[in-house]
Amino acid sequence: MIPRPACSSTPTTIEAIAWAEVLFRQRFLHAAVLAPSGQWLVQHAPDSPVHVLAGPADVVKLAAAIQHCVRSTRPRTR
């Protein structure tokens, strides 16, 4: 496998919106809302607390953490 180069730029709001939509559609998040301040309000389940993320970089970090968790718990099939 060819290693992926590290991300050299700060994630944009557009990238964060795309990742939030993916996480929502795949049901990893119950809600993800971009506030006018640039912060993100995310909720994992209908009855869970709302978390405030500082900006797009935190949304991308959340997506990476969820992706890592899913991949590390998936059984290997090689």
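The values are calculated or read from the model by the stated rules, or taken from the named source; none is laboratory data. This is a predicted model, so every value here is computed, not measured. Reconstructed Cβ throughout: ideal geometry from the backbone, glycine too, with neighbour counts over all protein chains shown. Keep in mind that these areas ignore ligands, DNA and RNA; they rest on the heavy atoms of the full protein, side chains included. Shrake-Rupley method; radii C 1.70, N 1.55, O 1.52, S 1.80 Å.
Summary of values
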quantity: Neighbour-limited loop hits for trypsin sites (Lys or Arg not before Pro), the stretch 1-76 (at most 14 other Cβ within 10 Å; DSSP other than H, G, I, E, B); calculated: ARG27, ARG76
quantity: Probe 1.4 Å - accessible area at THR13, Å² to nearest ten; calculated: 60
quantity: Angle between the chain longest axis and helix 13-25 axis [Cα atoms, degrees, rounded to 10]; calculated: 80
quantity: Calculated from backbone phi, Karplus (6.51, -1.76, 1.60) coupling profile of the stretch 42-49 in Hz, x at Gly/Pro; calculated: 10, 9, 7, 9, x, 9, 8, x
quantity: The chain: angle of helix 56-73 to the longest principal axis, Cα-based, in degrees nearest 10; calculated: 40
quantity: Rel. contact order, % - alpha carbon contacts under 8 angstrom, at least six apart, the chain; calculated: 25
